[in-house]
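Here, each number is a calculation from the coordinates, and none is a lab measurement. Keep in mind it's a predicted model, so treat the numbers as computed, not measured. Quick reminder, even Gly has a Cβ in these numbers, built from the backbone with ideal geometry, and neighbours come from all protein chains shown.
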Amino acid sequence: MSKQLGAVIQTYTARSWFWTMCAVSLVWVGVFMLLASTGMLPDTYAAFASIPLCISGVCLGNHLSIQFRSAQSKLIPKFAAPHLTVAAGLCGMVAVLLVVVATFASHGTAVAAQWEGISRIGLLAFGWSLFLLCFSFGCFHPWAIALAFPSSVFFLSFIKAGSSIWLSVMSSGPVVALVLILNSILTFVLVRRMCRLNDVMIESHFHDLSEPSQSKRRAWSRERGRFFRGWNQTDKELDSIRRPIGGDLRSQVRHFQLGFGLLLKPITLVPILVVTFWVLHFAFLQIGRGSSIPDLVAIIGSTGSLSGALTRVRTNGRMSFQWIMMLPLRREEIVFRYGIALLIHMLKMWFTITIPLYIVAWLSLAGMPHPSPSLWPYMDSLAAQIPLFGVVTLFIWRPQVVGAYLAGAVVMLALMGAPHLNELGLPLLLPVMFLVLGVCTIAWSYRRWLQTDLS
Amino acid sequence: MSDVVLEMIGVSKSFEKTEVLKSIDLSVARGRVVGLLGKNGAGKSTLLKCALGLMKPNSGTATIFGEDAWNLSGGAKARIGYVPQKISLYDWMRVRQMIAYYAAFYPSWNDTLTAELVEKWELQSEDRVGKLSEGQLQKLALILALGHEPELLILDEPAASLDPQARRTFLAAVVEIASDQSRTVILSTHLTSDLERVASDIVMLKSGVIQYSGSMDDLKESVKSIRLTTQGRLPGRMDLPGVLAYEVHANHALLTMSGVNEDRIHRLEHDYSATAEVRDLNLEDIFVEVHRV
């Protein structure tokens, strides 16, 4: 068994992201030690801990799905046990790290009172839930990495918004017991599902059609797809592409845009999001944080457009660029048109998310208008789309998107600093900075697109 | 020890409304080299996946070494080598790491053999798997499948991307495996010339149905091309029993027939007052004729 464990560990250590994660973890611990030298409040700790949990969850899920979905996983003798043992060991290391850090955070005299009555097991149970969520994204959603960052940011914001309520919930014995039981069941189901992954299941979208229940599920999914397509009239639009593509810029950009596709059109998504945000807003009101949802314009808008663009681009895949670049246009024309299409896609996503946020900020509850909210956060967030677009297009050629996340995180941190700039009377500084940064990254990216190999 | 290594009884498999395999009955005996032949989409890969327990048949049973293919034990798996059509290895690992990773799971791993093959096929141990060309990847997958000297080797289009030299080495390796009477090889390929060199048995699959299953010699012995020449005029239609394909040109006709023997030839000559010229067919000709109907 030790020989097999060693071989499995090597599948991790041979990956560059593993060492990146180790380095990031070290930086994280260092930053934490610095911030928590005199102790750290429990809610800050929870928010702080959610980031490594999300990232490690999604990376581990992704790694295991690669290992378990190959046909070899079903044919190599005693394959599952060493792989699951190593994965469990890594999860254990993350848990131990978070427990040690929690112990360190609660030791400061200034925060000792706040930590009293906070259940460590409760924190662990909720951390486990978040880990499972991100793990399942990584395991079953091919473009999980694009979803992990918004999830962690949203979780972080949610915790911050109602910290006292959440911490009391996390410390309630029956709730913790229930969460632990649910986590155990979910872990068992996830591991079982993953062990049954193979090429065939991937090909048939994880459904074994020989099972009648799966056939029904597939039929339902087909009906649902038909319903949404009918609603969106996407099919009609795809059929309406002029062949050959028109010589004008608009037709050519539209050609690339249609290649991205959208599950739901903005006109359909906006009302759904308005209702969702109202429900969340109502929930926040109940915990005394009524204005939290509109405050999230910068984060939700940017992460939404960023993940939307990354998902589309990664879905298109590197191979498809070989086809795209063979279209009967010059390379710079293709790059320019593809870029415009992607930028429009990002902006569409941004408007789809921020319009409902504005509506909720203005009509915090249906039929109860407030004074018009300030447009500055929206301006900042819109300006941030330009460097984000540059970053997305820069990292298309890289197999790993860690760089994109780091850059995205920097932009989002800058957005969070916007209120302070407003207080200093410099509201225009941030949009101008974004504009300059955006132009530089786009120019750099454009040059790379023109020169990169399409192997 | 049973002589049947792999057995499929009444195996059917459908994807949505498409029936890919239709009640397949197949039995592969120990020590045979079986060539699985069929057009694209005939169901070759699905048949192999069902046989290996990678796919669950809608009906019927598949067994390997007497065990249910869907629930193979670790011991049975250690006796199987498989190269899938779509090779998915870990892109980020190096060739030597990939081999070491596989070796760790097999008690009977032959380091000398793998080292020999790596050298013969000119793979660089320090190359990353993700950087390998299609052909190099196929070579590596073959090494991984051969490394534990399996009793049953299943290869789905193994030589498609290999260069002629590597194909020759690969076929030599298959022949070497096949020379050990306790080893069995099932080989799916479009390259009929490869099959002619190594296969002892042929399974011909057409639209999910087995058209022929038997020895290569019997197939070649029974399927012939017959040229009939007469002084008069031959009928336009010659749908005779056993005729796979025919072409009639006034006073001569070209028939591809199965089950050809001296009696049938004499009867043909008598019925059409013609002279018959019999020609042997190679596997590729037989394949083309079978699929022409």
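Structure values in brief
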{"read-out": "Coil-residue trypsin sites (Lys or Arg not before Pro) of the stretch B:163-269, DSSP, other Cβ within 10 Å capped at 16", "value": "B:233, B:237"}
{"read-out": "Modelled label reach - residue B:17, point 7 Å along Cα→Cβ, the stretch B:38-68 residues with backbone N closer than 17 Å", "value": "none"}
{"read-out": "Square roots of 5 times each gyration tensor eigenvalue, C-alpha, chain B, largest first, Å", "value": "41, 21, 17"}
{"read-out": "Net charge of Cβ neighbours under 15 Å - reference residue A:127; Lys, Arg +1; Asp, Glu -1", "value": "0"}
{"read-out": "Residue A:189/residue B:250 FRET efficiency (R0 56 Å; Cβ-Cβ; nearest 0.05)", "value": "0.20"}
{"read-out": "Amide H contacts of residue B:110 (H built 1.01 Å from N, under 5 Å, at least 5 apart or other chain)", "value": "B:148, B:149"}
{"read-out": "Distance (nanometres) between label positions extended 7 Å along Cα→Cβ at residue B:161 and residue B:25", "value": "3.9"}
{"read-out": "Rounded Å value of the spacing that divides the Cα centres of the stretch B:47-109 and the stretch B:152-222", "value": "19"}
{"read-out": "Global form of the stretch B:1-105, assessed from the alpha-carbon gyration tensor, a/c cut-off 1.5", "value": "oblate"}
{"read-out": "Column: log10 I(q)/I(0), Debye, Cα scatterers of the stretch A:1-85, q = 0.19 Å⁻¹", "value": "-0.91"}
{"read-out": "Reachable lysines from residue B:13, criterion Cα separation under 16 angstrom, eight or more residues apart if same chain", "value": "B:22, B:44, B:49, B:56, B:206"}
{"read-out": "Reachable aspartates and glutamates from residue B:77, criterion Cα separation under 14 angstrom, eight or more residues apart if same chain", "value": "B:67, B:68, B:149, B:151"}
{"read-out": "Gain on full stretching of the segment that runs from residue B:115 to residue B:71 - 0.36 nm per residue minus C-alpha separation", "value": "12.6 nm"}
{"read-out": "Quotient of C-alpha Rg and 2.2 N^0.38 Å, computed over the stretch B:123-245", "value": "1.46"}
{"read-out": "Positive minus negative residues near residue B:112 (Lys, Arg vs Asp, Glu; Cβ under 14 Å)", "value": "-4"}
{"read-out": "Environment charge at residue A:63 (Cβ cut-off 13 Å; Lys +1, Arg +1, Asp -1, Glu -1)", "value": "+1"}
